[in-house]
Each structure stands twice: as C-alpha cells, then as structure tokens.
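The values are calculated or read from the model by the stated rules, or taken from the named source; none is laboratory data. As the structure is a prediction and not an experimental result, all values here were calculated from the model. Note that we place each Cβ from the backbone using ideal geometry, even for glycine, and neighbour counts take in every protein chain shown. Heads up: the accessible areas ignore ligands, DNA and RNA and are worked out on the full protein's heavy atoms, side chains in. Shrake-Rupley method; radii C 1.70, N 1.55, O 1.52, S 1.80 Å.
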Amino acid sequence: MLYRDADHWRGATHKRVLVYGMSGLGKTHMSSIVRASGSWFHYSIDYRIGTRYMGELIADNAKAEAMKVPFLRSLLMSDSIYIGSNITFDNLSPVSTYLGKPGDPEQGGLPIAEYRRRQEQFRQSELSALNDTLYFAERGQALYGYPHFICDTGGSICEWVEPQDDNDPLMTTLSATCLPIWIKGSDAHTQALIARFDKAPKPMAYQPEFLLDCWQAYLAETGLAEDKVNPDTFVRWTYARALAHRQPRYEAMARWGVTVTADEVASLKGEADFVDLVAKALERRMA
C-alpha cells in the first residue's frame, strides 16, 4: 500500500485515495467533504465516462430521438439547434439514461441485444476512465496545484476486476497510485438500498455473465417473451441479486487497501475527520 501505517498517512505531503463500494453508501459524500476543503482534486469516474468516453454516444442517442420529430429534424439538419448532455458531478443521469433497461419497447425498454451492446460500451468506458486515474492525480497537482487527490469510483468497479488475483492488472495499477478505501455497508444498509431502489429503479452496469444468467432466469421464471418484460420489474428483480453478487467481490478487493463503514462515512463533517478516519482504518488493518 502507499501508506505503511497511520503516521505515514498523516505525514504524507500528497495524499491519494480511491473510494469504492455500492452506490448509495457515501462515496460521493466523502468526496464532496474533502473537495470542499479546497485541498483535494476530485476525480469522478462516472463524470469522466459521461464527458470523455460516452459523451458522443449519449448525445447521438438524444439526437436520434429528436430526429423522429419532423420539426426538430429540420432544425438539426440545418445546424440550427444543438443537442448535448448537461452532465455534472451532481447530475450523472445522462449516463444511466443511455444505459437504459431491457424489455418491452412500449414501456421504455431496450431489446436485450442493444442493451448488452450498451453495457459493453460502458464496461470499456469505465475501464478507460479508471486507467486515467494516475493521469488525473498528476494533473490535479501539476496543473491546478491540489496537494491531495480522491478518485470517486462507480459501484460497478468490482465487476471488471478479478478480485482473487493478486496480480489483477487494474487493481495493481490503481493501488500503486492511490490507497483503495472500501465503504462497507451493514445488512441494514443493504435493506435500505433495496427499499430505495424499489421506489425508483435505476439503470445499472452488470458483469456480462451475471446479466445473462439473470435475464435467462427471469424469462424462465415468468414465462415472458423478451419484448414483453417490464423493464422496471426486471431491474427490481435483479437488484438484490446484484448486491449479493458484488459483496464478496468487494470483500476480496479490500485486501488491496483499507475498509471503513458507511456509518463512519456518514458522520464525516470535514477534511480532518476524513484524515482521522483513514488513519483509524490503517490502524485496524495493521492490528
């Protein structure tokens, strides 16, 4: 690890961390806390995906929908209007909207083949964004003068690594650049996430094999044709399974860094709290 113990961490002139865990447990809250101090460069993986690696895909998808409307089509064809996504750190919905959900087109679903194609586009984009971490860590310091750096990853990072492999290329590269921090949730957090997702189901990225298994199992269980699946019902059905699938992968990744709890993250009030939290996590690991 970059920091051999708590004292080394506290005394580091340039602190670099990468935070990961299930969406909704506090990654962005943690990042926002340290960014507000003015000393940390905040690198958002999802923002990088939406602006650099999937920006054209997202914009072209919006244009394709607009081209179906004669009035808008004529304006687009004459370059009279411009369509683009207004993605920000606080509004990443253009990415999830593009990912979509599989199922009945009349209910907003995508054909499964198109859905899987977009999933693969996202996988490649997230890997590219994660591999840009060192570049942004150095850029934040050299160009903008930030002494410290935090990489705010997406919940799907665990899908693209081989967590049991000590030589996993992605984790080897990332852990050489940053201290990985896993935000671990409790059973109560898991149930709260499931309840929240049930109220407002959102698109997710899945490991290809996991997605295919879930899709085939859902069709077999319901007896529905692919184009009759309610998109929201399917992603609700899949969500708890996705959490169970990801948990052991997160746990295996934890050996690359330190672990903090979602409750500890929720109690953060400022940069000093964050530095103390990581120091305590290092002490627990050393113990």
* Asked: Picking from G155, G140, which residue would you name as being under 18 Å from D46 (Cα atoms), at pLDDT below 95 and buried (at least 18 other Cβ atoms within 10 Å of the Cβ)?
  -> G155
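Each row is one residue, and each column tells you yes or no for (1) closer than 22 Å to P105 by Cα; (2) of a type outside the set (S, T, N, Q); (3) out of contact with any Asp or Glu (no Cβ under 9 Å at 6 or more places or on another chain).
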site: D152; (1), (2), (3): no, yes, no
site: Q164; (1), (2), (3): no, no, yes
site: P203; (1), (2), (3): yes, yes, yes
site: L212; (1), (2), (3): yes, yes, yes
site: D232; (1), (2), (3): yes, yes, yes
site: A242; (1), (2), (3): no, yes, yes
* When A200 is evaluated against the numbered criteria (1) out of contact with any helix residue (DSSP H, G or I) (no Cβ under 9 Å at 6 or more places or on another chain); (2) among the hydrophobic types (A, V, I, L, M, F, W, C); (3) over 25 Å from Y47 (Cβ atoms), which criterion, by number, is the only one it fails? -> (3)
* Structure fact -> Given (1) in a helix (DSSP H, G or I); (2) in contact (Cβ under 8 Å) with a residue 60 or more places away in the chain, F41 misses just (1)
* Out of curiosity, is L193 closer than 24 Å to V265 by Cα, at pLDDT 95 or above, touching a Leu at 6+ places or on another chain (Cβ under 6 Å) and open to solvent by less than 40 Å² (accessible area, probe 1.4 Å)? -> no
* Quick one: P208 ticks every box in (1) within 21 Å of the chain's Cα centre (by Cα); (2) in contact (Cβ under 8 Å) with a residue 24 or more places away in the chain; (3) surrounded by 16 or more Cβ atoms within 10 Å (Cβ to Cβ) bar one, so which box is it? -> (3)
* List every residue pair whose Cβ atoms sit under 7 Å apart, with the two residues 6 or more apart in sequence or on different chains, where the first one lies in the stretch 177-191 and is touching a residue at least 24 places away in the same chain (Cβ under 8 Å) and over 17 Å from R249 (Cβ atoms) and the second, anywhere, is open to solvent by 20 Å² or more (accessible area, probe 1.4 Å) and assigned to a helix (DSSP H, G or I). => T177/L134
* To do: From the list Y135, Y82, pick out the single residue that is free of Cβ contacts under 8 Å to residues at least 24 places away in the same chain, closer than 30 Å to W256 by Cα and either charged (D, E, K, R) or exposed (fewer than 14 other Cβ atoms within 10 Å of the Cβ) (or both).
  => Y135
* Asked: Which one of the conditions (1) within 27 Å of H42 (Cβ to Cβ); (2) of a type in the set (K, R); (3) out of contact with any strand residue (DSSP E or B) (no Cβ under 9 Å at 6 or more places or on another chain) does R73 fail to meet, given that it meets all the rest?
  -> (1)
* Structure fact -> Within the stretch 90-103, restricting to residues that are part of a loop (DSSP other than H, G, I, E, B) and open to solvent by 20 Å² or more (accessible area, probe 1.4 Å), the one that is modelled with the highest pLDDT is K101
* Name the one entry in D168, D187, D198 that is among the charged types (D, E, K, R), surrounded by 12 or more Cβ atoms within 10 Å (Cβ to Cβ) and farther than 30 Å from G140 by Cα. => D198
* Structure fact -> Subset of the stretch 114-161, residues part of a helix (DSSP H, G or I), of a type in the set (V, I, T) and touching a Ser or Thr at 6+ places or on another chain (Cβ under 7 Å), comes to T133
* To do: Would you tally the residues in the stretch 3-19 being surrounded by 14 or more Cβ atoms within 10 Å (Cβ to Cβ), touching a residue at least 40 places away in the same chain (Cβ under 8 Å) and under 22 Å from L134 (Cβ atoms)?
  => 7
